[in-house]
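**Q** I'd like to ask some things about the structure below.
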Amino acid sequence: MLAAMPTLPWIEILIALYVAWVLGASATLLTQRRSPTATLAWLLAFAALPVVSGVYYLVFGPRRMRRRKLRYGRAQEALASEVRQYLRSSCCQAPAALTPEAAAIAGVIARLGQGGPTLASAVDILGEGDEFLAALESAIAGARDHVHAEYYIWEPDGAGTRIRDALAAAARRGVEVRVIFDALGSGDAGPAFWAPLREAGGTALAFNPVRLSIASLNFANFRTHRKIVVVDGALGFVGGNNLHDPVSRAAKGGGAWRDVHARIAGEPVRRLQRLVLENWLYAGGKVPGDLDSVKRFFPPAMAASGQPVQILASGPDDEDAPIHAFFLAALSAARTRAWIQTPYLIPDEPLESALRIAVLRGVDVQVIVPRVGDSRIVSAASRTYCEALSRAGVHVLEYGPPMLHAKTMVIDDTVAVVGTANLDNRSFRLNFEVAAAFYDRGVIRELSRRFEADRAASTDFARRRREGSKVQAMLESLARLSSPVL
């Protein structure tokens with residue numbers, strides 16, 4: 001007769017596993033020295049929902065990713081060793097003339113190691129998607145040496161195919177074409193889509209490919225959210241427009257997204273070029289290291305006058321969060337107005353406090369957000385901040401539909417910004433972002449005019465808020481809990 005199998009103490013085993021999980025996960029989190037609020041939130045999540053919180057943290061959690069940062073640092077160092085000496089000798093030595101207020105704001109980024117404003121020979125604000133696509137297509141058609149592009153969303157639709165074909169035509173003419181597309185944001189643009197470009201002699205690389213491994217489960221972070229195109233090292237495009245049909249009124253009619261892009265000529269483009277090439281190297285691409293190639297990528301920019309432009313960049317490789325620091329500095333310097341457009345209004349505590357304090361100082365703080373966003377959970381979380389800021393005196397307005405995707409800011413007559421960063425933690429700390437700060441009065445007036453046009457097409461948030469139900473408010477509050485990773 002067989003002896004009975006011993007009964008395993010399942011309850012004790014589960015309790016032991018639970019305790020081991022909480023202690024191990026908490027110890028890992030505590031070594032990262034994050035803010036007390038974020039750390040406590042994660043600790044409570046680990047204790048209350050061990051399995052769910054563990055999976056969520058692996059996918060979305062703000063881990064340091066030291067190995068990846070080391071790789072990225074090596075890419076930066078490799079590029080710096082090739083261009084540092086030449087860039088110093090070939091840049092314009094005439095400092096940009098700024099007001100004291102503008103100099104104080106610009107100094108924040110300069111002291112974070114990103115350089116001060118440089119002089120652009122021309123700046124054009126492209127406020128319509130079809131205008132942007134036409135300008136980009138024309139610039140690519142005029143390229144003589146190279147075109148470098150870095151994009152978050154590049155869809156295999158009409159707009160995406162149109163620009164891909166323009167690049168393929170340039171490659172067939174002998175122009176060097178290098179494209180970086182984000183592996184997650186451009187997931188639908190597979191090898192078949194890029195085949196015509198590669199067959200023409202161009203190169204397209206995926207940034208941070210998604211792989212099914214423990215080391216790569218944190219795929220929602222470390223994305224390149226940038227939208228940059230550099231033509232011949234002398235003409236650059238930066239802003240909010242992705243390469244997909246929603247940017248085009250010709251494709252989507254009245255449903256086309258509202259966005260803003262900037263076309264910049266001159267020395268500031270050299271900074272955009274360096275950003276693209278750093279990510280190109282990180283993604284596994286190669287760049288010729290001879291001085292002649294460096295000169296092609298970074299042509300001399302000796303303009304003695306022009307429009308002051310400062311290129312701001314941030315990413316998970318930079319713990320100083322420069323774009324976040326710039327926004328805080330700009331809001332602190334505001335005296336009369338702070339006008340902001342953003343698809344996602346999910347500020348952290350310092351930024352929310354800066355907005356509230358600006359109101360208390362008598363600044364006219366206005367924020368335009370989309371009435372209907374492209375993500376339900378993000379829109380729900382954003383509305384809780386809209387409500388709180390509206391009660392604090394911030395004039396919050398809702399645009400559309402269609403979707404408002406512009407990311408702009410106007411501070412007094414001091415500075416205006418066009419970029420890729422939303423007002424949320426993901427943009428400030430988890431994604432690679434870029435923005436252009438303009439200190440020229442003419443550009444500031446143009447962006448102010450566009451803000452006023454969008455404001456005229458918007459409705460007051462507080463008026464609609466009274467229409468909401470208690471159930472809707474509860475769901476929005478639940479969405480707010482995910483704010484740090486949205």
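The values are calculated or read from the model by the stated rules, or taken from the named source; none is laboratory data. Predicted model, so just to flag it, every value in this text is computed and none were measured. Cβ sites come from the backbone with ideal geometry, for glycine too, and all protein chains shown count toward neighbours. Just the protein is used for accessible areas: all its heavy atoms, side chains included, with ligands, DNA and RNA removed. Shrake-Rupley method; radii C 1.70, N 1.55, O 1.52, S 1.80 Å.
**Q** Given R₀ = 45 Å, what would the calculated FRET efficiency be for ASP290 paired with LEU328, taking r from the Cβ atoms and rounding to 0.05?
**A** Numbers: r = 42 Å, r/R0 = 0.93.
About 0.60, to the nearest 0.05.
**Q** Further question: Straight-line reach only, C-alpha to C-alpha below 20 angstrom: list the aspartates and glutamates that LYS295 could link to, leaving out same-chain residues fewer than 8 apart.
**A** Once the sequence-local aspartates and glutamates are set aside, what remains near LYS295 is GLU77, GLU82, ASP145, GLU176, ASP232, GLU267, GLU278.
**Q** At a 1.4 Å probe, what is the % contribution of carbon and sulfur to the accessible area of region 91-191? Can you show the working numbers first?
**A** Values: 2070 of 3940 Å².
It is 52 percent, rounded to a whole number.
**Q** Among 112-125, 268-281, what's the highest-first ranking by average C-beta atoms within 10 angstrom per residue?
**A** 268-281, 112-125
**Q** Modelling each spin label as a point 7 Å along the Cα-to-Cβ direction, I'd like the SER305/ALA192 distance in nm, to one decimal.
**A** About 5.6 nm, to one decimal.
**Q** So which trypsin sites (Lys or Arg not before Pro) in region 127-212 are both in a DSSP loop and have at most 14 other Cβ atoms within 10 Å of their Cβ? Could you put the intermediate results ahead of the total?
**A** Details: sites: ARG144, ARG162, ARG164, ARG172, ARG173, ARG178, ARG198, ARG211; in loops: ARG144, ARG173, ARG211.
Loop-located and lightly packed - ARG144, ARG173, ARG211.
**Q** If packing is taken as the mean number of other Cβ atoms within 10 Å per residue, what is the order of 453-460, 309-316, 154-161, 186-193, highest first?
**A** On the way: 453-460: 14.0, 309-316: 24.9, 154-161: 19.9, 186-193: 15.8.
Ranking, from highest mean packing down: 309-316, 154-161, 186-193, 453-460.
**Q** In whole Hz and in residue order, list the ³J(HN,Hα) couplings for region 112-118 that follow from phi through the Karplus curve 6.51 cos²θ - 1.76 cosθ + 1.60, θ = phi - 60°; x for Gly and Pro.
**A** 8, x, 9, x, x, x, 10
**Q** Now a separate question. What are the aspartates and glutamates whose alpha-carbon lies under 13 Å from the alpha-carbon of LYS227, with same-chain residues fewer than 8 places away excluded?
**A** Partners within reach: GLU150, ASP182, ASP259, GLU433.
**Q** Can you give me the long-range amide H partners of LEU205? Hydrogens built in the peptide plane at 1.01 Å from N, cutoff under 5 Å, separation of 5 or more residues or another chain.
**A** VAL179, ILE180, PHE181
**Q** While we're here: If you build the Cα gyration tensor of region 227-378 and take the root of 5 times each eigenvalue, what three semi-axes come out, in whole angstrom, biggest first?
**A** Values: eigenvalues 203, 97, 56 Å².
Ellipsoid semi-axes (Å, largest first): 32, 22, 17.
**Q** Quick one: what are the phi-derived ³J(HN,Hα) couplings along region 235-241, Karplus 6.51/-1.76/1.60 with θ = phi - 60°, whole Hz, x for glycine and proline?
**A** Karplus values, whole Hz, x for Gly and Pro: 10, x, 10, 8, x, x, 5.
**Q** With the other protein chains left in place, how much accessible area per residue, in square angstrom, belongs to region 244-394 at a 1.4 angstrom probe?
**A** Numbers: 5420 Å² over 151 residues.
With all protein chains present, region 244-394 gives 36 Å² per residue.
**Q** Under 5 Å between amide H atoms, partner at least 5 residues away or on a different chain: which partners does GLU176 have, H built in plane at 1.01 Å?
**A** Excluding prolines and chain starts, which carry no amide H, the hits are HIS146, VAL147.
**Q** How large a share of the accessible area of region 198-300, in percent, is made up of carbon and sulfur atoms when the probe is 1.4 Å and the other protein chains stay in place?
**A** Here it works out to 56 percent.
**Q** Here is a follow-up. How many nm is it between the label spots at LEU23 and ALA456, if each spot is 7 Å from the Cα in line with the beta carbon?
**A** It works out to 6.7 nm between the two label points.
**Q** Carbon-plus-sulfur fraction of the accessible area of region 366-431, 1.4 Å probe, in percent? Display every interim value, and only then the final one.
**A** Numbers: 820 of 1780 Å².
C and S atoms contribute 46 percent here.
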